[in-house]
Amino acid sequence: MSGKNFALIGASGYVAPRHMRAIRDTGNRLVAATDPADSVGILDSFGFDIAFFPEFERFDRHVEKLRRLGEERRVHYVSICSPNYLHDAHVRFALRVGADAICEKPLVLNPWNLDALAELEQETGKRVYTVLQLRLHPVIRALRERFAHASASDKKHVVKLDYITSRGNWYFHSWKGEERKSGGIATNIGIHFFDMLLWIFGAMRNYEVTESSEKRIAGNLDLERADVSWRLSIDNKDLPSEVREKGKTTFRSILVDGEEVEFTEGFTDLHTEVYRDILAGGGFGLEDARPSIELVSLLRKQK
């Protein structure tokens, strides 16, 4: 039987269908899924024999049973789309049942969690991968090639990042609105962009938070090769008027030395590219995730 067996944690989440498509489109099988919410009819689009469990304990028992049935039946990868504060525990589960973990952003909320997971990787011989899909976006990769090799004497670039993704009142009544569970706006919606900036323009030298509220956070970053001003918001009132008039709810803008970087297209298929990269022996691991996790942890402390 060709292909690998996947289990998925967090099947009712917003991003889960992207993982389901990535599993299918890379020639693999989703064999089990769990979520405390049972609104998971989306599973039927990917197979009618996927074992589903609202209770994690029953999911745990099922995956363990599959492990004991041998190589063809065991779960090879666990895809993790659960709330941010549960990622660490669910990654540990994956490694304990003999599977590699593919975890949504942020991999963990705190840098010290990465150290503990690194020890568990050593103990189990399994790997932890994270989804840093912007690193695979053609425009972002070209940008890195353009700027990554500047010398220390070169003039620093000036970067402005604006990311507004509208959210309604429900957001503040869910785990996403609780900082201790989501890590706050900088972590929950900003982690990909911070990773992208650090990947392109080098390590952080200094940082500051200039504005922080329930719906937005803004600040400045001093990176090796760029001075960055950034703003993240979930308030639709922050959308430019021309964006609202078109009925759109999201606005992304990155200016590098006054030049707009257009990378709006191509977002939806990047998870499949992440999976292809992992299955081909690549993938982004614990140390790839560390710089952005360290940064957002510092931003939380300065608020």
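The values are calculated or read from the model by the stated rules, or taken from the named source; none is laboratory data. Everything numeric here is computed off the predicted structure, so don't read it as measured data. For neighbour counting, all protein chains shown are included, and Cβ atoms are generated from backbone atoms with ideal geometry for every residue, glycine included.
Values computed for the structure shown
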| quantity | calculated |
| --- | --- |
| Test: residue 159 is assigned by TED's automatic domain parsing to the domain that holds residue 214, crowded, with 22+ Cβ neighbours inside 10 Å, under 26 Å from residue 204 (Cα atoms) and in contact (Cβ under 8 Å) with a residue 60 or more places away in the chain | yes |
| So residue 190, is it in contact with a strand residue (DSSP E or B) (Cβ under 9 Å, 6 or more places away or on another chain) and either more than 20 Å from residue 277 (Cα to Cα) or of a type in the set (Asp, Glu) (or both) | yes |
| Test: residue in region 137-152 that is among the charged types (D, E, K, R) and in contact with a helix residue (DSSP H, G or I) (Cβ under 8 Å, 6 or more places away or on another chain) | yes |
| Pick from region 20-49, criterion in contact with a helix residue (DSSP H, G or I) (Cβ under 6 Å, 6 or more places away or on another chain) and in contact (Cβ under 8 Å) with a residue 60 or more places away in the chain, ranking: surrounded by the fewest Cβ atoms within 10 Å (Cβ to Cβ) | 25 |
| Number of the exception - residue 119 against (1) within 19 Å of residue 185 (Cβ to Cβ); (2) surrounded by fewer than 17 Cβ atoms within 10 Å (Cβ to Cβ) | (1) |
| Within region 208-302, strands (runs of 3 or more DSSP E) holding 3 or more residues that are modelled with pLDDT of 95 or more | 216-223, 226-233 |
| Wholly enclosed strands (runs of 3 or more DSSP E) of region 83-189 bearing at least 1 residues among the aromatic types (Phe, Trp, Tyr) and more than 22 Å from residue 37 (Cβ to Cβ) | 128-130, 157-165 |
| Cβ pairs under 7 Å, 6+ apart, first in region 282-301 and in contact (Cβ under 8 Å) with a residue 12 or more places away in the chain, second surrounded by fewer than 18 Cβ atoms within 10 Å (Cβ to Cβ) and in a loop (DSSP other than H, G, I, E, B) | 285/127; 291/203; 297/110 |
| Residue 52 being within 14 Å of residue 9 (Cα to Cα), more than 15 Å from the chain's Cα centre (by Cα), free of Cβ contacts under 8 Å to residues at least 60 places away in the same chain and not in a helix (DSSP H, G or I) | yes |
| Failed item, numbered, when residue 198 is tested on (1) under 27 Å from residue 247 (Cα atoms); (2) surrounded by 17 or more Cβ atoms within 10 Å (Cβ to Cβ); (3) touching a strand residue (DSSP E or B) at 6+ places or on another chain (Cβ under 8 Å) | (1) |
| Selected residue [at pLDDT 95 or above and under 29 Å from residue 301 (Cα atoms)] from 95, 134, 117 | 117 |
| Residue in region 123-144 that is among the small types (Gly, Ala, Ser) and either outside the structural domain of residue 79 (by TED's automatic domain parsing) or closer than 19 Å to residue 226 by Cα (or both) present | yes |
| Filter result for residue 61 (over 29 Å from residue 178 (Cβ atoms) and over 16 Å from the mean Cα position of the chain (by Cα)) | yes |
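Yes/no matrix, rows are residues, columns are (1) more than 15 Å from residue 140 (Cβ to Cβ); (2) among the charged types (D, E, K, R); (3) surrounded by fewer than 17 Cβ atoms within 10 Å (Cβ to Cβ); (4) touching a residue at least 12 places away in the same chain (Cβ under 8 Å):
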residue	(1), (2), (3), (4)
174	yes, no, yes, no
180	yes, yes, yes, yes
188	yes, no, no, yes
219	yes, no, no, yes
236	yes, no, no, yes
245	yes, yes, yes, no
251	yes, no, no, yes
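Residues are listed down the side, and each one gets a yes or a no for (1) among the hydroxyl-bearing types (Ser, Thr, Tyr); (2) touching a helix residue (DSSP H, G or I) at 6+ places or on another chain (Cβ under 9 Å); (3) on the phi < 0 side of the Ramachandran plot; (4) not assigned by TED's automatic domain parsing to the domain that holds residue 156:
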residue: 199; (1), (2), (3), (4): no, yes, yes, no
residue: 203; (1), (2), (3), (4): no, yes, yes, no
residue: 226; (1), (2), (3), (4): no, yes, yes, no
residue: 239; (1), (2), (3), (4): no, no, yes, no
residue: 274; (1), (2), (3), (4): no, yes, yes, yes
